[in-house]
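Every read-out reported here was derived from the displayed coordinates using simple, explicitly stated rules and does not represent laboratory data. Only a predicted model underlies this, so the values are computations on that prediction, with no experimental measurement involved. Here Cβ is always computed from backbone atoms with ideal geometry, including for glycine, and neighbour counts include all displayed protein chains.
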Amino acid sequence: MVTPKENRLIHRFFSWYIQYIIKKDFSSVSFNKIDVDNDKAILLLANHCSWWDGFLLFYLNKIYLKKKFHVMIIEDTAKKVWFMKYLGAFSVQKQSRSVVNSLQYAAKLLENPNNLVLIFPQGQLFSNHVSSIGFEKGLLHIIQHASKKFQYIFAVSLFDYFQNRKPSVSIYLKEWQAQEYTSLQVIKNEFNKHYDDAKGQQSKIVV
């Protein structure tokens, strides 16, 4: 399992570089504001449709959510993209006994109110045009082993070009209040309601 490493210089450089390439390669990045609880960690659940997703949400956290960023990524990616661990990435290896260690590590991170943990519950890349977002079972393990004092935030990223050569991205955020006892199916259903609402809002944009 690859875990996050601290190096202020590397973090500062790639934080700047990510912001630079986003501003260079996108015509615009927009998001709606929600209430962020400074006294709770954030579990950020997001759709996964592009190479950009993790970087865009890292940038969103930098300029708006302002927590200590962490993201679960596939172990092969963590090993290939060496700098990710300096930006808060930790790895998971599917179909391996070590997967439990990764899930418990994520749960432990949620005990610190300064932390944000980004999870892509689909577990792999899917088209931006899928009708619904699937959830893998590992998320439930994280929730069951974390303290209940964290904030759920849903994020749906949708891409369009309209009249521009470069794409624009709209990130639709929603705070979700879970019941004391919840299930993976409930979370999946609530996320997909937000996903449908985000697509509905996006489809109404006219330039």
With the convex hull built on the Cα atoms of region 1-116, state its orientation-averaged projected area in nm². 7.7 nm²
When T182, T77 are ordered from fewest to most other Cβ atoms inside 10 Å of their Cβ, what list results? T77, T182
Extended-chain gain in nm, criterion 0.36 nm per residue less alpha-carbon gap, E180 and N128: 15.5 nm
Charge sum, other residues only, whose C-beta stays under 12 Å from K40's C-beta, Lys/Arg counted +1 and Asp/Glu -1: -2
Within the set of other residues whose C-beta is less than 14 Å from the C-beta of F14, count the net charge using Lys and Arg as +1 and Asp and Glu as -1. +4
A correct fewest-to-most ranking of E136, E180 by other Cβ atoms within 10 Å would be E180, E136
Column: log10 I(q)/I(0), Debye, Cα scatterers of the chain, q = 0.07, 0.09, 0.12, 0.18 Å⁻¹: -0.20, -0.33, -0.60, -1.43
Chain lengthening between T3 and I205 when straightened (0.36 nm per residue, less Cα-Cα): 68.7 nm
Fewest Cβ neighbours within 10 Å first, please rank S157, S30 accordingly. S30, S157
Do me a favour and compute the ellipsoid semi-axes for region 133-206 from its Cα gyration tensor, root of five times each eigenvalue, largest one first, whole Å. 30, 12, 11
